[in-house]
Amino acid sequence: MAGYILRRVLATLPVLAIVAVLVFLMLRLTPSDPAAIIAGDYASPQQIEGIRERLGLNEPILKQFVIWIGGVLRGDFGESFFYKKQVAELIGERLEPTLSLSVVTILLVILVAVPLGIIAAHNHGTWIDRVVMGFSVLGFSIPVFVVGYILIYVFAVTLDWLPVQGYQRISEGVGGWLLRLILPAMTLSVVFIAFIARMTRTSVLEVLNEDYIRTARAKGQTELKVLIRHALANAAVPILTIIGLTVAILIGGVVVTESVYTLPGLGLLTVDAVLARDYPTIQAVILLFSFAYVLINLLVDVAYTFLDPRIRY
Amino acid sequence: MQEVPTGMTEPVLSVRNLTVRLPSGADRENAIEHISFDIGPREIVCIVGESGSGKSVTAQAVMGLLPKRDLVVTAGETLLQGEDTTKAHIHRLRELRGTRMGMIFQEPMTALNPVQRVGQQIAEVLEIHTDLSATEQRQRVLDIMKAVQLPDPELMIDAYPHQLSGGQRQRIMIAAALILDPALLIADEPTTALDVTTQAQILRLIKEMQSRRNTGVMFITHDFGVVSEIADRVVVMQHGRVVEQGTREEVLRRPREAYTKMLVAAVPSLVPPKRVPVEGKLALEAKNLSKIYGRRTFLSRKARIVKAAQDVNFHIRKGETLGIVGESGSGKTTVARCIARLIEPSEGEILIEGANVAHLPERDLRPYRRDIQIVFQDPYRSLNPRRTVGQSIVEGPINFGMPREKAIDKARELMGLVGLSPDALDRYPHQFSGGQRQRICIARALAMGPTLLIADEAVSALDVSVQAQVLELLDNIRKQFDLAVLFITHDLRVAAQICDRIAVMKNGVVVEHGTTVDVFRSPQHEYTKALFDAAPGRDFGAQQSVA
Amino acid sequence: MASIDAAPPVYRRRSVWSTVLRNPSVIFGGSIALVMVIIAILAPFLGTRDPAQINPSARNQKPGYTATVRDDEGKRIQVKYHLGTDSLGRDIYSRVIYGARVSLIVGITVAIIAVFIGLIIGMIAGYVRWLDGIIMRFMDGLMAIPEILLAIALVSLSRAGLPAVVIAIVIPQVPRVVRLVRSVVLSIREEPYVESAITVGTPTPTLLFRHVLPNTTAPLIVQGTFICASAILVEAILSFLGIGIPPEVPTWGNIMAEGRTYFRILPHNILYPGIALALAVLAINMLGDGLRDTLDPRFAKRF
């Protein structure tokens, strides 16, 4: 088991390395010159050259990479072109809203999506199944921001139940923190719920066709226990895998949701950085999100060992 | 005169006039029609039939496990100790399952929940149907595990299914099915997925358990060897109907119906016919052939090495059939794939007319590809479903430069030769049955004009009647084309009838090699002896032989 | 001569396409998608105005507003703004109709390009063993960057415009297609009929094109449909965030981005393009679901 976990950890290292190289190259091999962008439209060639020199853009590409990755490993992502302060510091300020939003959303999603999927699978082919699946297709077809504005219109503008914009730090009171997160989390969870409910249904349905389900029925087991003890126990691994993979969608949704609700998180930072062509910040944020995604999926892999005895070798 | 006192007491199970309807659009209206038979206490009744005969549907109907929407009981009853299970409410059915009727299935590998300990899975029956405490349950589970002769129950009770062998898993299944001493045990092909030696043990166990516990057994099988081994009475089914039923002696020795006669006659005998030694030219020689799979994974302390085949030596002459016999994992298929050069052997030589092709790269191998052709086990995956049969047959000759017209003429000729209509060349594989597809595969192989034909379990997926026909075809083309045949099989009966010589493999090594008659009459190696001893119904089928 | 088996059973297989066209999801999704395509093509004939024309006197109007404007020849004409106007006085109805063009062009081009590139790389990865490891590690790395972030980063690199947006959306999709194609290739090459083709001496390129490639068609059609839906969504997101296609171009995302400011008073500026967008994506997703259920249930995945 320790061997398995170690192997999984080591297997993620090359992925992380490739991500780092890709993120670096992506912004260095662009047709446009970052120095010219920073300098603006009216800068003289001398000014641009000065900026190139300052950013080390005249060095060979390999050396630039070594310098950059060395900094990254020390937590130094360089200075933001736009905000004129350390990117690491910038990220530190923006971390809490994003983490809060993500955690609340994931909890909401698991509580809603998994039961929905199981119910649909159990009632396979009936109207219940069709309704759940219908909502599911609808769920991942409506863009996050449209969902966001619909919710704002209903709950904030028309009913005036919930606050719309801004974020309150958790240290300033859990109540206010949660209250301001309800709408964003609901917005973000719609796509996610749609996906996971659907995948849960598929996984459980697949398992329900297995021979051991027939065995359990032949023993006289009740349908509910067949569903929970045999079907869900075996479907847990694929469901968890899907949850891990959909984190990518969640991250994409975070960017949009924060933008809709002007939550001062990493997503909003990304959009602002892109609009300002603030490359050090873009690099750092993308690297951070990707690493988070890879690490979450590593955790999922490790979690398999508790769910499936066949993996414990 | 009946050997077993059946029919004297009230039957455990009485199936009366049972009819189950198939969903619309199926090839016939009913899965089973007007099925009637009885099973008495302590009696083993074998339901035997080819695929599609409706034997499994019968079992599922009794258990109330028919797929709800697709298969519906439209007439008749299944009386379990007088109580009709087809009309019982689902709650009552659940009470009956596990207590009065238990069931075991074909695939022990998938019939157990992989994420639950096996002890728990046996105890589940107690948990559902009794009020026993956890410690009492554990004791009962240990007792039944001992009764089904599982080694070291104290340890094994906490094992997961993947840690057990196929035979052990089937014992777990039997333990779970019998722990509450049901009156009826339904066994649906319980040994079909097992190797012959394990099969023999499981058959013995089932027999022992049922006679000690007075269990009536409904034993579903397609294998007449198994029938002759354990049946008290036999019910023969075809296309959803009972063709004939009677005691084992009656049905196997003196069948009345033409269909039963044909089935019984199609079972190859374990006694090989006398054969004249083949003195033809050497077609192929394998010297010290080895295939080693080294999974040297990153990080694992020692490389995991699987010796799939080791030091295998044999030769085949033109016009000769060499059989390689062995259980699963013996390496027989690895040898076949090496010879066909679908994989490269790790070591050794494969000599065709003096040339060693064992390690040739694909480019240099091409000229030799014509010489060796292979027919695979699964007729449903051996032909490209998107291409017509004709396209599949002419592909090879055209690869080697034969003009299309000529290749098609040859394909027509070959279709006739393998017993199919030449006009069927334009049809697609899905329009043919399994046996017909194997004939097409043989035609495709023959189109290349090979010297050696490898038949890798080529008749194992076929029903016994079709199997006999394809075997006959193989034997005929061997004679007609003076072919060397490498016949890979796990089926001793088939091997006995078709092979001139036999090599017995175990764990990648050839343990015994000799003429078929010698090996069958006086096996030398311990393993070969055990293998032959385990063959079910040894004395059955001795009266007939192929060709 | 061997005897012929019992009468050959006739296994009738309904033509695949007739099965597909009977599937309710395909019918429903397909018809809506078709209507969208027709609307996009016929945009100039659907009573629309120039979607980029600014009318300072008719800004921020509610649906149904009527105004008198001068046409190209200077004549005064009555114009009804069916869906109101935005803060520059542009006709929302016309912009939504023309927006279908951009969305569908992006969706379809991205799907075609991603499938084409993914197919080639996937075939190489599946058949050239020594390249497989390198290609797949690279694809893993690309897949590890969340789709939308990668697209956002890529559009930030070059001047905004349709080609840049298409490329930025294609790149994150390619690894998904590569994985799909590779898994089909790996599973098909184990099939006995492919091995039979090897033993009858079929050269590798022929083997790939004749026996392996046709098996990728069905899953790729399904995957392409899902990619199309996803691309339309991503394009709208990029436009909405203001980093996609330039704001004067009528895209659904741009209309909504423009409508953000006055959302509380004029929600229709977001609502109507939102409905159009959701309907398009829903239709294509349903088409994809239907195709998957009828063509190939095994390989294609939505992400």
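The values are calculated or read from the model by the stated rules, or taken from the named source; none is laboratory data. Keep in mind that this is a model prediction, so the values were computed, not measured. Positions of Cβ are backbone-derived with ideal geometry, glycine not excepted, and every protein chain shown enters the neighbour counts.
Brief remarks follow.
- Which listed residue, of A:200, A:270, is touching a residue at least 12 places away in the same chain (Cβ under 8 Å) and within 11 Å of chain C (Cβ to nearest Cβ): A:270
- Cβ-Cβ contacts under 7 Å between residues 6 or more apart (or on different chains), taken from a first residue in the range B:317-340 that is under 23 Å from residue B:361 (Cα atoms) to a second residue that is among the charged types (D, E, K, R) and in a strand (DSSP E or B), are listed as B:333/B:456; B:334/B:291; B:336/B:456; B:338/B:291.
- Within the range A:144-177, the set of residues being touching a residue at least 24 places away in the same chain (Cβ under 8 Å) and crowded, with 20+ Cβ neighbours inside 10 Å comprises A:144, A:145, A:147, A:148, A:149, A:151, A:152, A:167.
- Matching residues in the range C:48-75 - criterion: being surrounded by 12 or more Cβ atoms within 10 Å (Cβ to Cβ), modelled with pLDDT under 70 and farther than 22 Å from residue C:267 by Cα: C:69
- Applying the set (1) among the β-branched types (Val, Ile, Thr); (2) within 10 Å of chain A (Cβ to nearest Cβ); (3) over 25 Å from residue B:10 (Cα atoms) to residue B:118 leaves exactly one unmet item: (2).
- Of the helices (runs of 4 or more DSSP H) entirely within the range B:471-547, those holding at least 3 residues that are closer than 20 Å to residue B:336 by Cα occupy B:492-498.
- The condition of being among the polar types (S, T, N, Q), assigned to a loop (DSSP other than H, G, I, E, B) and farther than 24 Å from residue B:190 by Cα holds for residue B:9.
- Residue within the range C:246-254 that is in contact with a Lys or Arg (Cβ under 6 Å, 6 or more places away or on another chain), within 14 Å of chain B (Cβ to nearest Cβ) and not hydroxyl-bearing (Ser, Thr, Tyr) present: no
- Given (1) assigned to a helix (DSSP H, G or I); (2) free of Cβ contacts under 8 Å to residues at least 24 places away in the same chain; (3) within 11 Å of chain B (Cβ to nearest Cβ), index of the condition residue C:154 fails: (3)
- Looking only at residues of the range B:88-130 that are among the polar types (S, T, N, Q) and outside any helix (DSSP H, G or I), we find that the one that is farthest from residue B:220 (Cα to Cα) is B:130.
- Unmet criterion (only one of (1) modelled with pLDDT of 85 or more; (2) within 14 Å of another protein chain (Cβ to nearest Cβ); (3) under 22 Å from residue A:264 (Cα atoms)) for residue A:136: (3)
- A single entry from B:159, B:175 fulfils the requirement of being in contact (Cβ under 8 Å) with a residue 12 or more places away in the chain and over 16 Å from residue B:98 (Cα atoms): B:159.
- Scanning the range B:358-374 for residues that are among the basic types (Lys, Arg), free of Cβ contacts under 8 Å to residues at least 12 places away in the same chain and either buried (at least 16 other Cβ atoms within 10 Å of the Cβ) or more than 9 Å from chain C (Cβ to nearest Cβ) (or both) yields one hit, B:363.
- Against the test of being farther than 15 Å from residue C:289 by Cβ, part of a helix (DSSP H, G or I) and either among the basic types (Lys, Arg) or within 12 Å of chain C (Cβ to nearest Cβ) (or both), the options A:193, A:150, A:182, A:128 yield a single qualifying residue, A:150.
- Scan of the range B:38-52 for residues that are over 26 Å from the mean Cα position of the chain (by Cα) and under 14 Å from residue B:244 (Cα atoms), ordered by number: B:38
- Note on the range C:254-303: residues that are at pLDDT below 80 and small (Gly, Ala, Ser) amount to 2.
- Pairs linking a residue in the range C:208-227 that is touching a residue at least 40 places away in the same chain (Cβ under 8 Å) to a residue that is of a type in the set (Lys, Arg), with Cβ atoms under 6 Å and 6 or more positions apart or on different chains, are C:222/C:292; C:226/C:302.
- Test: residue in the range C:243-254 that is crowded, with 21+ Cβ neighbours inside 10 Å, touching a strand residue (DSSP E or B) at 6+ places or on another chain (Cβ under 8 Å) and among the aliphatic types (A, V, I, L, M): no
- Close pairs (6 angstrom Cβ cut-off, 6 or more residues apart or separate chains): touching a residue at least 12 places away in the same chain (Cβ under 8 Å) in the range A:96-110, not in a helix (DSSP H, G or I) anywhere: A:97/A:167; A:97/A:263; A:97/A:264; A:97/A:265; A:98/A:265
- Whichever residue in the range B:430-457 is free of Cβ contacts under 8 Å to residues at least 60 places away in the same chain and not in a helix (DSSP H, G or I) and, among such residues, is surrounded by the fewest Cβ atoms within 10 Å (Cβ to Cβ): B:433
- Every test in (1) within 14 Å of chain C (Cβ to nearest Cβ); (2) in contact with a Gly (Cβ under 9 Å, 6 or more places away or on another chain) is passed by residue A:264 save one, and that test is (1).
- Residues of the range B:258-277 that turn out to be in contact (Cβ under 8 Å) with a residue 12 or more places away in the chain, surrounded by fewer than 17 Cβ atoms within 10 Å (Cβ to Cβ) and not in a helix (DSSP H, G or I), as a count: 4
- Candidate set: the range A:268-313, residues that are outside any helix (DSSP H, G or I) and not hydrophobic (A, V, I, L, M, F, W, C); chosen: the one nearest to residue A:97 (Cα to Cα): A:278
- Residues that are more than 20 Å from residue C:114 (Cβ to Cβ), away from chain B (no Cβ under 14 Å) and either crowded, with 21+ Cβ neighbours inside 10 Å or hydroxyl-bearing (Ser, Thr, Tyr) (or both), drawn from the range C:207-242: C:240, C:241
- Residue match in the range A:226-233 (condition: in contact (Cβ under 8 Å) with a residue 60 or more places away in the chain, in a helix (DSSP H, G or I) and touching a Pro at 6+ places or on another chain (Cβ under 8 Å)): no
- Near pairs, Cβ below 7 angstrom, 6+ apart or cross-chain, from the range C:190-206 (more than 7 Å from chain B (Cβ to nearest Cβ)) to any residue that is of a type outside the set (A, V, I, L, M) and in a helix (DSSP H, G or I): C:194/C:211
- Residue check, residue B:402 more than 8 Å from chain C (Cβ to nearest Cβ) and in contact with a Pro (Cβ under 6 Å, 6 or more places away or on another chain): no
- Checked against the criterion of being more than 14 Å from chain A (Cβ to nearest Cβ), among the hydroxyl-bearing types (Ser, Thr, Tyr), farther than 18 Å from residue C:226 by Cβ and part of a helix (DSSP H, G or I), the range C:119-127 contains one or more residues that satisfy it.
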